[in-house]
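Accompanying notes for the structure given below.
The values are calculated or read from the model by the stated rules, or taken from the named source; none is laboratory data. What you see is a predicted model, and the numbers here were worked out from it, not measured in a lab. Cβ sites come from the backbone with ideal geometry, for glycine too, and all protein chains shown count toward neighbours. Heavy atoms of the whole protein, side chains included, go into the accessibility calculation; ligands, DNA and RNA do not. Shrake-Rupley method; radii C 1.70, N 1.55, O 1.52, S 1.80 Å.
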Amino acid sequence: MGRPVGIIEFFRFFMAKEITMPALSPSMTEGVLAKWHKKVGDTIKPGEVIAEVETDKATMDLEAFDKGTLLAIAAPEGAKVAVNGRIAVIGEPGEKVEAVSAPAPTKPTAAAVPVTTTVSSSVPVSAPAPAPVASASGRVKASPLAKKIAAEKGVDLARLAGSGPGGRIVRQDVEGASGGGARSAASLFGGKPIAQDSTKPVSQMRAAIARRLVESKTTAPHFYVEREADAAPLGRLRTSANEALELAKANLRLTVTDFVLKATVEALRRVPSVNSSWEGNAIRQHGAIHLAFAVALPDGLITPVIRNAHAKDLRTIAREAKELGAKAKAGKLQPEEYTGGTFTVSNLGMVGVERFAAILNPPQAAILAVGAAVKKPVLASNGAVIPGERMSLTVSVDHRVVDGLVAGQFLKDLVELLENPGVLLL
Amino acid sequence: MAAYDLAVLGGGPAGYVGAIRAAQLGKKAVVIEKERAGGTCLNWGCIPSKSLLKNAEIYQHILHAEDYGITTGKVSFDFAKVMGRSRAVSDRIAKGVEFLLKAKKVDYVVGEGKLGADRKIKVKTADGKSQTIEATNVLLATGCVPRVLPGLKVDGKKVMTSREALEMKKQPKSMVVLGAGAIGVEFAYFLNSFGTKVTLVEMKARVLPVEDEEISDLLGKTLAKQGVTVLTDAAMESCTVSASGVKVKLSGKNAKTVEAEALLCAVGVQANLENALEPGVKLELDRGYVKTNARYQTSMAGVFAAGDIIGPPWLAHVASFEAIEAVNGIFDPKGQPKKVTVFPGCTYCQPQVASIGLTEAAAKEKKLKFKVGRFPYRASGRAVASGDSEGLVKILIGEPHGEILGAHIIGAEATELIAEVGLGMTLEATADEIAHTIHAHPTLTEMIKEATEAAAGHAIHI
């Protein structure tokens, strides 16, 4: 039965070093190998950028720790690799490397030692992977049996999520699915399918959004407090300030969001208990305001953080918001630039949304949703109906941390600041 | 803080494999083994018995050398050396496992470990010293011990279990083997091959009762032809032990009294619990085995179990699978460990028996629609060339999709052949994929393809 462990192979392998997927952020469980800067055979120096990795938050450079020659690439561009999973092997030029095609989320020793247990047992190095079905090439992975049953039932395999190894569609996935062939009849606007059926893998960011927001919405008792502010004074002030900045050839333009961010900081200063987090058995009130704000991205959103916003004036906040927003859109935010926020502002006014309620960004206790400044008739103090401009402010609150009266007080202060925005310039 | 992420009680195919898996995941693991790494499988089961069976096979080949045109002189054997080779094989492989544990940085403690209510494991080592091991998680993998029928007292000489039988110094002239499961059948074949007069007693109607009826009927006939007295539908009423041997009274269809020099009790196994738990520690059981949920958790927080101790099938390869799944589940709370569904079962007498999936009777009971494909060894060029023309490959193909429901093989190398079907079933291959796979000629594996085609009605060679 078998042979003793192959000691020679064992040591030979260990001269080569593995490069594994690093954990680049606290929430990262896997990363996508976005781009290789090196190819097999290239020499690598410590600190050199060898590849780019897309995490759930950003695209980051991967630097080498060791020197050597890139002997093999285990994760091609586009491959998803679990944290600690193998990406590449470096070592001496010409050194022989065992097959490294399948990155496994295991410690380096996992696949390194040839399995030579001499009893009738096996050591498969597989990790459960409820991964996407369609591979990068668009091929649908399904078992022969699943394909036959799908053909008979008229089930479109591309619509299914596979529960087999590597996301492969197996019999039970098809049997659990209903037929999906029928389409509705033609209408005034034509009856053709609105798009080609497709399944695309959930991106790192999408997966992180899904995980965090489900957690938030299902565990934090949300309630919503809303007020309208007279947006006219802010509009006038912003217009005149920007005109003045332009005349002064200053490289700065103030947005509505900038004013809302600054007003939020000052309202939090007045009602500091809103700047808190739920910690299970404690409520942490933060001494500093690290103000997060939502930035839309092609596939999701991210909330960069303006650190120590309580110590920054409007101009600094405006400049930092602009820089962080640009970095976010380029996917270049560093982890410290999108973690640790204590309060979040989300503004959908630019696409005409009048009002909405946001989902809390855990562990933060509150999030402010800002609507567009909308022209509408309002009642003047003398009872006359006059043209006005209003903007909605909806704060979603974790009731475990903040009660209604406190949230109301925060909104009252916020409205007061936004309706008298001159003070924000000081 | 606990010193270990995982403490594994028991160093068999569940225990040591689970610990290595934990180490692969970057966890600190320890194995506590009271005897020797490798467990029953390696020390008192699969491995040493395979060694004995190989001796028997070779001896039988030599006795039949004339069939191959080879003339031998007087052939004899040294029973003590036959047994000695078996122990040497176990010794060598146990060292291999210990080396593996060391290489994978798993701590290994030899001593009797008992799990306390506080989830700490008190270990008493052979030199009388004791130590306490603390771990965040515990994997209970103490396996099973042979079950002894009431009324029998194991003395290691006249009355044995498989454990004592593996250490026999002297060949018994005659032997009653109680139980015609894999262990009973293998010992019956081994002893009969070397000339012991064997009576194989089975309570159920067939030898290897879990196997497909057609296959176990064939095996029963073959064993009888080889000289084994096979008594099915027979249960032990009583057994009296005297200086000359044992007298076993049987009831049932084959009610009679059988006398022999020794008796081997191979009627199954039972959970090895009392040696694993401190007095007062109670785990929820299911039919005598530790009850676990879908994540292999026992009723005690932080305590998991895998292998023989959680119930049938008591197979090393199943135990290792369970341990890996359990450990993956412990350290990946989001992952869903898999439970055992399809697994091969093997008996290593000659002809060998191997199977996977449903028997024909079970498929009928489930009211499945299926076809049966058969291919006899005598139609295989490779089998005939080797002089192994006795045997049958039988495969059950579901309708209308052609999925493999089960396969049953009796004959030479059956235990190796079954692997192809196992892979096919895991991948949900259908009859088409097997038929479209070019199998090398001449090999025994062609029979899998031919049997599959026979199910569809178009086998070429029968």
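Against the empirical curve 2.2 N^0.38 Å, the C-alpha radius of gyration of region A:7-91 lands at a ratio of 1.08.
How would region A:252-405 be classified by its alpha-carbon gyration tensor: rounded, prolate or oblate, with rounded meaning a/c under 1.5 and the a/b versus b/c comparison settling the rest? Kindly include the intermediate steps, with their values, before the conclusion.
Working: a/c = 1.77, a/b = 1.27, b/c = 1.39.
Judged from the Cα gyration tensor, region A:252-405 comes out oblate (a/c at least 1.5, b/c at or above a/b).
When peptides A:82-92, A:349-359, B:401-411 are sorted by average Cβ neighbour count within 10 Å, with the highest value leading, the order is B:401-411, A:82-92, A:349-359. The fraction of Cα-Cα pairs per 5 angstrom bin, counted from 0 for region A:295-340, comes to 5, 24, 31, 24, 12, 4, 1 percent, rounded to whole percents.
Counting heavy atoms of the protein chains only and a 1.4 Å probe, report the per residue accessible area for region B:349-462 as a whole number of Å². Please list the in-between numbers first.
Working: 5050 Å² over 114 residues.
It amounts to 44 Å² per residue over region B:349-462.
Under the definition of partner shielding as Cβ atoms of other protein chains within 10 Å of a residue Cβ, what is the mean value for peptide B:395-405? Walk me through the numbers on the way to the answer.
Numbers: counts 0, 0, 0, 1, 0, 3, 9, 3, 7, 1, 0.
That average works out to 2.
Residue pairs exceeding 20 angstrom between C-alpha atoms, taken from B:LYS204/B:LYS253; B:LYS394/B:LYS449; A:LYS147/B:LYS394; B:LYS169/B:LYS197; A:LYS57/A:LYS80: A:LYS147/B:LYS394.
Buried surface between chains B and A: roughly 2800 Å² of accessible area, summed over both sides, computed with a 1.4 Å probe on protein heavy atoms only.
Remark: accessible surface ordering of B:TYR189, B:TYR68, B:TYR4 (largest first) is B:TYR68, B:TYR4, B:TYR189, probe radius 1.4 Å.
Write out the GluC sites (Glu not before Pro) in region B:150-227 meeting two conditions: DSSP loop, and at most 10 other Cβ atoms within 10 Å of their Cβ. For GluC sites (Glu not before Pro) across region B:150-227 that sit outside H, G, I, E and B with at most 10 neighbouring Cβ atoms in 10 Å, the list is empty. Within straight-line reach of A:LYS148, meaning a Cα separation under 15 Å, sit the following aspartates and glutamates at least 8 residues removed in sequence or on another chain: A:ASP156, A:ASP173, A:GLU175, B:GLU399, B:GLU403, B:GLU428, B:ASP432, B:GLU433.
Work out how much length A:GLU95 to A:ALA380 would gain on full extension: take 0.36 nm times their residue separation and subtract the Cα-Cα distance, in nm to one decimal. List each step's numbers first, then the result.
On the way: separation 285, 0.36 × 285 = 102.60 nm, distance 8.30 nm.
Length difference between fully extended and current span is 94.3 nm.
Among the DSSP beta bridges whose two residues both lie in region A:221-425, what percent are antiparallel, rounded to the nearest 5? Restricted to region A:221-425, the bridges split so that about 80 percent are antiparallel.
Tally up the carbon and sulfur contribution to the accessible surface of the protein assembly as shown as a whole percent, 1.4 Å probe, everything protein left in place.
Numbers: 23630 of 42540 Å².
Result for the protein assembly as shown: 56 percent of the exposed heavy-atom area is carbon or sulfur.
Taken along the Cα-to-beta-carbon direction at a fixed 7 Å, the label points for A:THR43 and A:PHE65 span 2.3 nm.
Residues of region B:406-435 that bury at least 40 Å² of accessible area when the other protein chains are present, relative to the chain alone (probe 1.4 Å, heavy atoms, ligands and nucleic acids excluded): B:LEU427, B:GLU428.
Given contacts defined as C-alpha pairs under 8 Å and at least six residues apart, what's the relative contact order of region A:221-425, whole-number percent?
Values: 407 pairs, mean separation 66.1, N = 205.
Normalised by residue count, the contact order of region A:221-425 is 32 percent.
Helix-derived [θ] at 222 nm for chain B: sum -39500 (n - 2.57) over DSSP H runs of at least 4, divide by residue count, nearest 500? Rounded to the nearest 500, it is -9000 deg cm²/dmol. Measuring heavy-atom accessible area with a 1.4 angstrom probe and counting protein chains only, the residues of region B:100-124 that give up at least 20 Å² relative to the chain alone are B:LEU100, B:ALA103, B:LYS104. For the peptides B:282-293, B:355-366, the ranking by mean Cβ contacts within 10 Å, running from highest to lowest, is B:355-366, B:282-293. Under the classification rounded if a/c is under 1.5, otherwise prolate if a/b is larger than b/c and oblate if not, where does chain B fall, given a ≥ b ≥ c as square roots of the Cα gyration tensor eigenvalues? It comes out oblate by the Cα gyration axes. What helices does chain B have that are whole DSSP H segments, at least 30 Å long along their own axis by Cα, and with mean Kyte-Doolittle hydropathy of -1.0 or more? Membrane-span-like by this rule: B:79-103.
Counting only other chains, what is the mean number of Cβ atoms within 10 angstrom of the Cβ of each residue in peptide A:141-148? Don't skip to the end; give the middle numbers.
Values: counts 0, 1, 7, 13, 12, 3, 3, 7.
Other-chain Cβ atoms within 10 Å of each residue's Cβ, averaged: 6.
Approximating the spin labels as points 7 Å out from Cα along Cα→Cβ, the A:GLU279-to-B:THR341 distance works out to 4.6 nm. Working note: Karplus 6.51/-1.76/1.60 with θ = phi - 60° gives region A:79-88 the couplings 6, 8, 10, 5, 4, 6, x, 6, 10, 7 Hz, where Gly and Pro are set to x.
Of the beta bridges in the protein assembly as shown, as assigned by DSSP with both residues counted there, near 70 percent are antiparallel.
Under the definition of Cα pairs under 8 Å and six or more residues apart, what whole-number percent is the relative contact order of chain B? Contact order relative to length: 14 percent. Shown here are the Rg and Dmax of the Cα trace of region B:159-267, at 12.8, 41 Å.
How much length would be gained if the chain were fully extended between A:ALA288 and A:ARG270, taking 0.36 nm per residue of separation minus their Cα-Cα distance, in nm to one decimal?
On the way: separation 18, 0.36 × 18 = 6.48 nm, distance 1.29 nm.
Residue separation times 0.36 nm, minus the Cα-Cα distance, leaves 5.2 nm.
Taking every residue in B:316-322 and counting other chain Cβ atoms within 10 Å of its Cβ, the average works out to 3. A Förster radius of 60 Å combined with the Cβ-Cβ distance from A:LYS322 to B:HIS436 puts the calculated FRET efficiency at roughly 0.45. The peptide list B:91-99, A:312-320, A:37-45, put in order of mean Cβ contacts within 10 Å with the highest first, becomes B:91-99, A:312-320, A:37-45. Each DSSP beta bridge with both residues in region B:159-267 is either parallel or antiparallel, and the antiparallel ones are about 45%. Its relative contact order, with pairs defined as Cα atoms under 8 Å and 6+ residues apart, puts region B:1-143 at 38 percent. Modelled label positions at A:ASP313 and B:GLN131, each set 7 Å beyond Cα in the direction of Cβ, lie 6.7 nm from each other.
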